[in-house]
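Please read the structure below before turning to the comments.
Each reported figure results from applying straightforward, stated rules to the coordinates on display, with no laboratory input. On a predicted model such as this, the values are computed, not experimentally measured, just so you know. Positions of Cβ are backbone-derived with ideal geometry, glycine not excepted, and every protein chain shown enters the neighbour counts.
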Amino acid sequence: MYKRIIVVVSSVLFSLLALLAFIITDLYDRDFPQAIGVKNRITLEFSESNLSITESLATLQKLDARWDMGLVKIAPDLTSDGDGQIFAALNDGGLSDQFTWFGSDDVGKIVGKERLETSYPDGFYLVTGDKTHLDDFKKALTSKGVKVGLEDASIFESLKFVVWERGFAAAVLSAFTLIITLALFWLSLKARDRALRVLGGVPTIRIQLQDFSGFLGLLFISAGIITFIATGYVIVFHGSVYVGPYLKALITLQLFVIAVSIMTVLIMSAFSWPSATMLATRQPAVKSLCSLSSVIQALTFLLVISAAGPAWSQYKHSTAMADEMAQWKQLADQVTIEFATDIGDMDIMEPRIRELVKDAEARDAASLSYTYTPEMANFREYAFVSFVNERWLDLVTKNKNESVVRPISQKDLPDDMEKMIQEEIEILSRDGRSEDLLEQLQFLRPVEGFRITIAQGGGGERLHFSDNVLLVVVPTIYETYNDSALTSMSSSKNIIFTGVSSTQKLLEEHQLDVHSLRKQGIQGELNIVYIAEEGIIQAQFASYIAWLQFLALIALIVAFTVSTAIRALITARLQAKRDFPLRLCGRSWMRIVQSRVAKEILIGAILMGVVLLLISDLNIGVSVVIIYGLLAVPVSHLFAVRWCFDGVSRRRI
């Protein structure tokens, strides 16, 4: 029976590791798509090279063909207005036209080299063929002034990133706690047998080897079962191509956990080794584990309370996280212009940026959100103040059946806030337009409960979601801001545009594309990037953390339950000579255990008070685990004392 318990409890541990390996494989596949056999990633920068665009691409194609590297360039899909990427093969390497990722149903497109004719050669290239000549490839390009960065496709780098990420610490900590609890359970079961073998003169090393082999055997059985199930899931739902990386991540985690298990059992075994006094006085063998079990029980209780608050907060905000993911997806076809130019070239570009924004607004394809955060200024009752246009509001409130913003009168604004807005308009507006613009401004705020999307000023790729924001709606972007402000807001990604292909067309019309800039002697370039791509990944990453925190809490609760049960069994075994006659005299079970239960609850209350003082967040999740802890202690002692009474009655103890 005890072997089944160890297998079941350790299965919880290895299931947590299986989920962690799933996340690691997903992150790894995002960087190195396994469906097309990526082995390395190359970063190229041609800014200091004298090669033209045509010469650069011709050189890359020649080197790729010479060494059969199967180079594929990652680029935005300029033929559609979605949020996809294309993977342009420099030479025909026999790759399929489409592929999917491990953790997503999105489809990646493999296209021919003709799609790179209007693209600058800088960026990421994936190696899908022979990688033995990477050093020669690097030397050949470096000699032409090209900066080359090489990165191997290693699942262990993704594993290292995940394990050290702060959000995953709960999962790692719960795994270690569960290991310690399992080791305590195993040692408590083997205490009597070990004491008898010590008394019989069996060598210490032999006793340790026998105990370790039994414990590790059960862990390997549990790990094997979970590995088999998880691998089958990966094969059926994701494909056999991912089995290798997934098993590397999973087995590495499992071996690390098992190694920690060995160290834990060694240390705990040393602290609980039967003493000569204990053997001479014929004391119960589990007495040596009494103090250790108390410490582990207190530790697991502390960890459960500490983990319950964040886990409940993640659950409570799951709806908000889903809404944020939906908001990011609504911005999936929105792009920004990334400036890679010298400051001296900006004077030439500013008038063209102005006309580009004007034309984009005329086509209803330009949006503005420039938000002042609490770190920038104090807005009293508002957390944020965001300057937006109607197009931005349409983007972030579409698919809403009713109005999610309400108007505010300018008279209701605090005087200092109104003054700040006036000064902002006067500084950034065109000459002589500030007074007219102030009269045209509208003031809105979200209705209670609706977290509207706004872009941080000076860094538009950072979005905030808040229901406590003052929205200052400008009539038009072009008429509100001067040329310098428009260029600055475009470069900081606070002005965004709809669609990659339409934005590329705007750049060409205003002679801001790569070819036009080169003809004018400008070495820099304006790149088109998706505003939502990173945010969608971050939102998915947050959902991973939420799942891990939930499973980590379950693992900690299991560890606390097991440690509490072991502590109760040890206490009942030590008090069996006292409890048996009391029960024969008719005393109730509850009266027999009330003193030990009261002692543990008092200690638990002290620990709980310390934790609550530190985290100062008594939410429903913390309350539930506290109630569970208060119930688990008396229930465990009641079952333990009854089990010992039956054992004494039948002369098993």
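Miscellaneous remarks
- With each label modelled as a point 7 angstrom along the Cα→C-beta vector, the THR142-PHE639 pair spans 6.5 nm.
- Considering only SER213, TYR28, LEU95, the residue lying farthest towards the positive end of the dipole of the chain is SER213, judged by Cα position with unit charges set on Cβ.
- A Förster radius of 22 Å, combined with the Cβ-Cβ distance separating ILE627 from ALA605, puts the computed FRET efficiency at roughly 0.95.
- In loop segments of segment 345-384 as defined by DSSP, the trypsin sites (Lys or Arg not before Pro) with at most 16 further C-beta atoms inside 10 Å of their C-beta are ARG363, ARG380.
- Legend: distances between Cα atoms for LYS39/LYS505; LYS147/LYS493; LYS329/LYS505; LYS248/LYS493; LYS109/LYS398; LYS39/LYS113; pairs beyond 32 Å are LYS39/LYS505; LYS248/LYS493.
- Cα centre as origin, Lys/Arg/Asp/Glu Cβ charges: the chain dipole, Debye: 6820 debye
- DSSP bridge pairs, the chain: antiparallel proportion in percent, nearest 5: 85 percent
- Inverting the pair-averaged 1/r between distinct Cα atoms of the chain gives 29.8 Å as its Kirkwood hydrodynamic radius.
- Gain in span if fully extended, ILE348 to ASP412, counting 0.36 nm per residue against the direct Cα distance: 18.8 nm
- FRET efficiency for PHE228 and LYS329, using Cβ-Cβ distance with R0 set to 45 Å, rounded to 0.05: 0.80
- In the chain, taking the dipole from charged Cβ atoms about the Cα centre, the farthest positive-side position among HIS133, ALA565, SER261 is held by ALA565.
- The helix-only estimate of mean residue ellipticity at 222 nm for the chain, built from DSSP H runs of length n ≥ 4 each weighted as -39500 (n - 2.57), is -20000 deg cm²/dmol after division by the residue total.
- Cα long-axis angle, helix 415-428 against the chain (0 to 90 degrees, to the nearest 10): 50 degrees
- Cα-based helix-to-principal-axis angle, 204-237 vs the chain, degrees rounded to 10: 40 degrees
- With the charge dipole of segment 342-523 set up from +1 on Lys and Arg Cβ and -1 on Asp and Glu Cβ about the Cα centre, the Cα lying farthest toward the positive end among the listed residues PRO351, LEU486, THR453 is that of THR453.
- Calculated from the alpha-carbon coordinates, segment 191-279 shows an Rg and a Dmax of 18.7, 61 Å respectively.
- Whole-number percent relative contact order across the chain, with pairs defined as alpha carbons under 8 Å at least 6 apart: 19 percent
- Computed from Cα atoms, the angle from the helix 169-199 axis to the main principal axis of the chain rounds to 20 degrees.
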